[in-house]
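Remarks on the structure that follows.
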Amino acid sequence: MKIITRYVVRHFFSVFGVSLFGFVGIYLVIDFFEKFDDIIEKNAALGDALLYFAFKIPLILSQGIPIATLLAALIGLGLLQRNREIIALRAAGLNAWVYAGPVVAAALVLSAATFGLGETVGRSLNNRAARLWQERIDKASSRLGWTHENVWYRGDGVLFQARLYDPKHALFQGVTLYFLGVDFQLDRRLDARTVRWTGEGWQARQGVLTDFPNGRAVQNAFDVLDLDLKERPRDFEDAEALPEELGWADLYRFTRRVQAEGYDATAYVTELHSRLAVPLTALILALLGVSISLHLGHRGGIALGIALGLLLTFLYLVILQVGMSMSHSEMVPPVVGVWTANVLFALLGCALWVRAPQ
């Protein structure tokens, strides 16, 4: 590694470390005060509360890496600009890539680290934090359980099993309902392609209702059947957690199976794309930060660069979230909705770089 590269990278990671530490600290303080009343009210053990926040740190780190990368790019190169070190490098005939390229390369490594952190310890520990909060701090019991492929729920005299559940539209797909009698005996079974909440009750479509009189199985097919169930959509809120439970590779295989069975997998395809697109935020923001620093030089100062960088970050995140929402709503294909922000701002960063003083 060249001396200049080491010098620039050292500046970058010095600012990056301080920024990331500050982000995690602020996040934890805000989260602590938001949950403080619940912790006191539930008389939770101090060890459980501390463990809950500790479990959340890896995911917080993955969320803080992009903004810390932006600040490191802006402030790191901004300090070199202010000290006129970049002017000296240009006078020596060095191209911008020599002193700005290492920042982009470091951001690429951080993007990969963000993906890896989110898919490994970040995701698993965040799930453990959620379970710890529910079971040992909030002390709320949940009757919902799931595997990687199925949603199960024990209702009032009925067991729900569904291939998929869409909480936004209160829609089950690939449904089997087991109606239980005395001593947990199966009285009736319903298999349906979909079960949807109509606003007044649950309605099953395209299925078979099986009764068991005197030990015999009597089946009746139906196109539409109104169900008399006491459960409401809010009772199934936790079923939405399925995509978050899976790593990217498992989610990909799960999505392929769902599509092969003919069910709507839009939410899962969107999740797959977002798992890849979001970690690249660090790379894109670093590219924008470097380009802004090269343009401003020592004329506008570091403060102006940070202001412009944060403004562009806000616009980027707005477009990203709108695109993901449109993908979930099936207004645009997932690949378009999720990747539009990345493509637009990557092109903007490249354009600013090309036009910047070299």
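FYI, it's all coordinate maths here, none of it is from the lab. This one's a predicted model, so the numbers in the text were calculated from it and none came from an experiment. Using ideal geometry, Cβ is built from the backbone for each residue, glycine included, and neighbour counts are taken over all protein chains shown.
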Original post:
Considering only Tyr153, Leu315, Ser274, whose Cα is most displaced toward the positive end of the charge dipole of the chain, charges sitting on Cβ of Lys, Arg (+1) and Asp, Glu (-1)?
Top reply: Leu315
**OP:** Would you please give the FRET efficiency between Leu28 and Arg355, computed as 1/(1 + (r/R0)^6) with r the Cβ-Cβ distance and R0 = 30 Å, to the nearest 0.05?
**Re:** 0.15
**OP:** Could you sort 214-225, 166-177 so that the peptide with the highest average Cβ count within 10 Å comes first and the rest follow in order?
**Re:** 166-177, 214-225
Subject >> segment 279-358 versus segment 62-83: alpha-carbon centroid distance in Å >> reply: 14 Å
Original post:
What is the order of Leu132, Leu315, fewest Cβ neighbours within 10 Å to most?
Top reply: Leu315, Leu132
**OP:** Determine ³J(HN,Hα), in whole Hz, for all residues of segment 335-346 in sequence, where each value follows from phi through the Karplus function 6.51 cos²θ - 1.76 cosθ + 1.60 and θ = phi - 60°; x replaces Gly and Pro.
**Re:** 5, 6, x, 7, 9, 4, 4, 4, 5, 4, 7, 5
Original post:
Tell me, what ³J(HN,Hα) does each residue in segment 171-177 have, in order and in whole Hz, if you take phi through Karplus 6.51 cos²θ - 1.76 cosθ + 1.60 with θ = phi - 60° and put x for Gly and Pro?
Top reply: 10, 9, 10, x, 9, 10, 10
Subject >> 15 Å beta-carbon shell around Val338, net charge (K/R +1, D/E -1) >> reply: -1
Original post:
Leu164's amide H: which non-local residues (gap 5+, or another chain) put their own amide H closer than 5 Å, with H modeled 1.01 Å from N in plane and none for Pro or chain starts?
Top reply: Gln173
Subject >> Quarter of the Cα convex hull surface for segment 1-63, i.e. its orientation-mean projected area (nm²) >> reply: 5.3 nm²
**OP:** Would you mind working out the magnitude of the charge dipole of the chain relative to its Cα centre, with +1 at each Lys and Arg C-beta and -1 at each Asp and Glu C-beta, to the nearest 20 Debye?
**Re:** 1800 debye
**OP:** Would you mind telling me which residue in Leu288, Leu46, Leu251 has the biggest mean-square fluctuation in a Gaussian network model of the chain, where springs connect alpha carbons within a distance under 10 angstrom?
**Re:** Leu46
Original post:
Hey, if you put +1 on the Cβ of every Lys and Arg and -1 on every Asp and Glu Cβ in the chain, which of Ala73, Leu110, Gln203 ends up farthest toward the positive end of that dipole?
Top reply: Ala73
**OP:** Over all alpha-carbon pairs in the chain, figure out the percentage whose distance exceeds 31 Å.
**Re:** 50 percent
**OP:** For the chain, with a Gaussian network of springs between Cα atoms less than 10 Å apart, report the residue from Gly101, Gly305, Gly201 with the top mean-square fluctuation.
**Re:** Gly201
**OP:** Can you tell me the FRET efficiency between Trp248 and Asn95 if r is taken as the Cβ-Cβ distance and R0 is 51 Å, rounded to the nearest 0.05?
**Re:** 0.90
**OP:** Work out the count of Lys pairs in the chain where the Cα-Cα distance is under 28 Å, with the pair 8 or more places apart or on different chains.
**Re:** 10
Original post:
Using a Gaussian network model of the chain with C-alpha springs under 10 Å, which one of Gly155, Gly199, Gly64 is most mobile by mean-square fluctuation?
Top reply: Gly199
Subject >> At 1.306 mPa s and 10 °C, Stokes D of segment 149-239 from Kirkwood alpha-carbon radius, µm² per second >> reply: 119 µm²/s
